[in-house]
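Report on the following structure.
Please treat every number below as a calculation from the coordinates, not as lab data. Keep in mind it's a predicted model, so treat the numbers as computed, not measured. So basically every Cβ, Gly included, is an ideal-geometry build from the backbone, and we count neighbours across all protein chains shown.
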Amino acid sequence: MEVRRVERISKALSDPSRILILQELRQKEDCLYCHEISEFIDLTQPSISHHVKQLADADLIVVEKEGRNVKYKLNKEVLNEYVQFLNKLKI
């Protein structure tokens, strides 16, 4: 994994709200719809959109449009690559 990609992912994970979104996605195991995020995070819709965009830009989530709805899926492959990279740093 490239260092630039690791940096982008690390920055995306530096916010507690984004970590909560990823945790909820992990628990759902399938997908999470945009309106569901506001049910467990006390943020405005623009703030939620900002956090989701940061996660999507880091390739941690996949965004899919379903008609008028938007759903998010955890990008397990990228997350696993990131964890493997970090594991290589262990002493």
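Are there chymotrypsin sites (Phe, Trp or Tyr not before Pro) in the stretch 35-83 that DSSP puts in a loop and that have at most 10 other Cβ atoms within 10 Å, and which ones?
Passing both the DSSP loop test and the Cβ count: no residue.
Any number yet on Rg/Rh for the stretch 37-85, C-alpha, Kirkwood?
1.03
Counting pairs of alpha carbon atoms under 8 Å apart in space and at least six apart in sequence, what relative contact order in percent does the chain give?
32 percent
Could you state the angle between the C-alpha long axis of helix 45-57 and the longest principal axis of the C-alpha atoms of the chain, as a value from 0 to 90 degrees rounded to the nearest 10?
30 degrees
Using only Cα atoms, tell me the angle between helix 3-12 and the longest principal axis of the chain; keep it within 0 to 90° and round to the nearest 10.
40 degrees
Lys and Arg at +1, Asp and Glu at -1: add these up for the other residues within a Cβ distance under 13 Å of residue 84 and post the number.
With Lys, Arg at +1 and Asp, Glu at -1, the net is +2.
Could you tally the net charge around residue 35, taking each other residue with its Cβ under 15 Å from the Cβ of residue 35, Lys/Arg +1 and Asp/Glu -1?
-2
Which length gain, in nm to one decimal place, applies between residue 71 and residue 14 when the Cα-Cα distance is subtracted from 0.36 nm times their residue separation?
Residue separation times 0.36 nm, minus the Cα-Cα distance, leaves 18.3 nm.
Give, in nm to one decimal, the length gained when the segment between residue 85 and residue 2 is fully stretched (0.36 nm per residue of separation minus the Cα-Cα distance).
In short, 28.9 nm is gained.
Counting each DSSP H run of 4 or more residues in the chain as -39500 (n - 2.57), what helix-only mean residue ellipticity at 222 nm follows after dividing by all residues, to the nearest 500 deg cm²/dmol?
For the chain, the value works out to -18500 deg cm²/dmol.
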